[in-house]
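The values are calculated or read from the model by the stated rules, or taken from the named source; none is laboratory data. Since the model is a prediction, treat every value here as computed from it, not as a measurement. Neighbour counts run over all protein chains shown; Cβ positions are idealised from the backbone, glycine included. Just so you know, the surface numbers come from the protein's heavy atoms only, side chains and all, with ligands and any DNA or RNA stripped out. Shrake-Rupley method; radii C 1.70, N 1.55, O 1.52, S 1.80 Å.
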Amino acid sequence: MAFDSVESAESAGTFLVVLPGVYAPQHDTQLLLSALGREHIAAGADILDLGTGSGVLAVRAAQLGGRVTAVDIARCAVATTRLNALLHHQRIAVRRADLASALKVRTYDLILCNPPYVPAPHARVPTRGSARAWDAGFDGRAIVDRVCDGAPAALRSAGVLLMVHSGLCDPAATLSRLSRGGLEAKISARARVPLGPVLLSRLRWLREQDLMKGNDSYEELVVIRAECP
């Protein structure tokens, strides 16, 4: 099978293969990897990687000693993660499932999530194709809100959710929603990064929606850290 390969500079030298149609590690992945590195991972901690994509977060979590379950709705992402787990000699349980149902199976010590979060000119979330890795409805919150609603019941006491998303989809709303679910939520990291090809392709629409200002060619990424008391 033909595939593209990428190397992640922020993943402790982890080399990855990324099959066609799978979201390759980008700035948001690197920011979440850095946040993962700041957590204390106890040996055997149960970790869920929601929307695993290439599996880079799952591989790194396993390298840190976690017992990792990785889920994604895309078959190509499931295959990619299994391949990368094999390449790095890591035992990772990889499952095909949507994010909401994956949160209902069991509880975890740590949940990692890089969900689709890009505001789109259409309300319906794609069910196939590459765009389902980033498009998330008009406000970019179609999947983020589901994670916020499901995470509190899926975390053990002192368990932590680490989720990255764009400042375009209202981090304050994420903090509020998680807090209403009983979690102690805060923004633990921020980064301003150049707009990628998806945002550049809809820049006019984003400006019409007042989501982007003037000639700004950067977006802010945030990592949300929410802990179960």
>> Filter the stretch 64-91 down to the residues that are among the aliphatic types (A, V, I, L, M), closer than 21 Å to Gly150 by Cβ, at pLDDT 95 or above and surrounded by fewer than 24 Cβ atoms within 10 Å (Cβ to Cβ) and list them by number.
In response: Val78
> Restricting the stretch 192-211 to residues that are touching a strand residue (DSSP E or B) at 6+ places or on another chain (Cβ under 8 Å) and of a type outside the set (Lys, Arg), which is surrounded by the fewest Cβ atoms within 10 Å (Cβ to Cβ)?
Replying inline: Pro194
> Is there a residue in the stretch 94-106 that is within 15 Å of the chain's Cα centre (by Cα) and of a type in the set (S, T, N, Q)?
Replying inline: no
>> Looking at the stretch 159-169, can you tell me whether even one residue there is under 23 Å from Ser101 (Cα atoms) and either in contact with a Cys (Cβ under 6 Å, 6 or more places away or on another chain) or open to solvent by 60 Å² or more (accessible area, probe 1.4 Å) (or both)?
In response: yes
> Yes or no: Gly37 open to solvent by 30 Å² or more (accessible area, probe 1.4 Å), out of contact with any Asp or Glu (no Cβ under 8 Å at 6 or more places or on another chain) and closer than 23 Å to Ser188 by Cα?
Replying inline: yes
